[in-house]
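Laboratory data are not the source of any read-out in this text; all were calculated from the coordinates shown. All values reported here derive from a predicted model rather than from experimental measurement. FYI the Cβ positions are ideal-geometry reconstructions off the backbone, even for glycines, and counts take in every protein chain you see.
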Amino acid sequence: MALKDVLVPDIGNFDSVDVIEVLVKMGDTIAADESLLTVESDKASMDIPAPFAGVVKTVKIKVGDKIAQGHLILTLEAAETASPAVAPTLAASPAPAKHGQTPKAEIPAPSRPVPAPAQKIQPTHQPLPVGESAVINGGKTSHASPSVRKFARELGVNLSMLQGSAAKNRITQADVQAYVKNELAKPRSENMGVGLGSLATLPMPVIDFSQFGEIETKPLSRIKKISGANLHRNWVTAPHVTQFDEADITDLEEFRKSMSKDAEKRGIKLTLLAFLIKASVNALKAYPNFNSSLAPDGDSLIMKNYYNVGFACDTPDGLVVPVVKDVQSKDVLAIAADLGELSIKARERKLKIEEMQGGCFTISSLGGIGGTMFTPIINCPEVAILGVSRSSMQPVYNKETDSFEPRLILPLSLSYDHRVVDGADGARFTSHMRMMLSDVRRLLL
Ligand code: CAO
C-alpha cells in the first residue's frame, strides 16, 4: 500500500478554476477513473477523475477553492493491484496511461464527429470538453455537475430542456426533480410531445436481451463515449441538410498517380484526400459562410480568416478528427505530408490535443473503404462537413463527340447547418468543389 498524491492535471489555458463539487471524502474507496471533483470556469464545468484506484486518506480541497494545474487534490492509498488506467486529466485520453506516467491530454475532435471535441476548458463557442455539462437553453448556456447529469440520465431527462436555478444557470438536482414532477403532472398527450411542439424524446426502453439469446457486454472505448455524445448533440442541435454531387476526377487521378512516385521519394503518400482538402479551402474562400460558426447567442456569425481542415480518421478505438492547419499556405504535397503524419499519430494514439483543435471544416472520406453515398454529421460548431465515397468508372455523355466516355466519378455528400447555409449555397459549394476537382490545374494555382 503506497500513499500517493493526486494533483490537478493540465486544465488548458486557465490559470485557475473553481471547485464546485467534491465527490469523495476521507475513507472512501474509489475506482480508477471515478470522478473526484467537479471544477468550473466561467464557461464550463467538468470532472477530474481518479488516476488510480485506492482509499482516500486526506482531501486537500473544498467547495469554493480555486485550483490550478499541480494543486494537491487529495492523497490516495493506492491498492497494489490498482490499475492506473486513466490519467488525472480533464481531457479524454485515447491512449491508456502507462504505469506511473501522466499522459498528455488527447481527445478526438468533435466530431465532433466526435465529439470533435476539444477537451480543455474553453469558450462555449468551441466544441465542449469531455465531462463538460454545458447545455444551450434558449440561447443561454447552463451547466450541470456530472452527478446531476447522471441523475438526469437515470431519469431520462434531457438537460437542454431545463433552466438552471443556481448561479450561472447551473442546473441542480432539485431542478431536475422539479422538472420531472412538472412533466409528470402534465396531461398525458402533452407529456408525450403530441401537439405542443415538445422536442423531448422518449427514454429508450430497457430490455434484457439475454431473454432472446446469448449476449456479451462490451464497454465502449473512451473515444466512442466522447464522440458519441458529441455526435448526438450535433445531430439534434444543427438542422442538417445533405447536398449530393459528383466530381469527375479522371484527370486528377491520372495526375496524382503520375506524381506519386516523386512524392514517395520524399517519403510522402500523395492521397486523394490531400487534393480534396486543397479544393475545399478554395471553396471555403469562395463561400465564406461555410468558414464560420454561429455565435453562442445565435445572433451572429463568427467568420474565420484562417483555413484549418479536419479529417475523420478511423482508429481501432474509434473516430478521431486531426486537423491540418493553415491549408491556404500549403501545397498539395505539404498537405499530404501532414495527413500522413497525423494519420499515423492518430492510429498510434499519439495525437496532441492541439492537433485536434481549431478546425473550420471537416472531410470524412470513406472512399478507401467503400459505399456509394452517406450523410455525415456536422462537426459542430463548424457548419459543414464533406463526405467522400468511393469513386467508380461511369459512362459520361460527351456532347462534343456525341458519345459516352468512361470517366472516374467521385461521389460527394456535403452536410451543412441550414441555420447558417442556404440550400442554394450548399449546391454552389459542391459545384465549386466539382469544378476544382475536375480541373487539377485550378488546384495548383
Ligand atoms: N475512391 C476510391 N478509392 C479511394 C478513395 C476514393 N474516394 N479514397 C481513397 N481511395 C483508395 C486510395 O487510393 C488507396 O488505394 P491505394 O492503397 O491503392 O493507393 C486506398 O483507398 C486507401 O487510401 P488511404 O486510406 O491510404 O488514404 P485516404 O486518403 O483515402 O484515407 C483516412 C485516409 C485517414 C481518411 C482513412 O484512412 C480513414 O480513416 N477513413 C475513414 C474515415 C471515417 O471513418 N469516416 C467516417 C466518419 S463518420 O462516422
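Assorted remarks:
- Rounded, prolate or oblate (a/c below 1.5 giving rounded, otherwise prolate when a/b exceeds b/c) for segment 302-389 by Cα gyration tensor: rounded
- Less than 5 angstrom separates the built amide H of HIS71 from those of VAL8, all sequence-distant by 5 or more or on a different chain.
- For segment 224-443, the gyration tensor built on C-alpha atoms gives an oblate shape. Its axis ratio a/c (a ≥ b ≥ c) is at least 1.5, and a/b is not larger than b/c.
- Global geometry of segment 2-78, whether rounded, prolate or oblate, following the gyration tensor of its Cα atoms and the 1.5 cut on a/c: prolate
- Footprinting exposure proxy ranking of LYS269, LYS181, fewest other C-beta atoms within 10 angstrom first, gives LYS181, LYS269.
- Amide H partners (placed H, <5 Å) of LYS60, local residues excluded: LEU74, THR75
- Flagged links, alpha-carbon separation over 28 Å, of LYS66/LYS181; LYS60/LYS150; LYS257/LYS330; LYS261/LYS325: LYS66/LYS181
- Sorted by Cβ neighbour density within 10 Å, fewest at the top, the residues TYR287, TYR179, TYR307, TYR397: TYR397, TYR287, TYR179, TYR307
- Positive-end extreme of charge dipole, segment 286-366 - chosen from PHE361, ASN305, LEU319 (charges on Cβ): LEU319
- Summing Lys and Arg as +1 and Asp and Glu as -1 over all other residues whose Cβ lies under 15 Å from the Cβ of ILE302 gives a net charge of -2.
- The string of couplings for segment 294-306 from the Karplus curve (6.51, -1.76, 1.60, θ = phi - 60°) is 5, 5, x, 7, x, 9, 8, 10, 9, 8, 10, 9, 10 Hz, one whole number per residue in order, with x for Gly and Pro.
- When you count the other C-beta atoms within 10 angstrom of each residue and take the mean per peptide, 333-341, 214-222, 298-306 line up highest first as 333-341, 298-306, 214-222.
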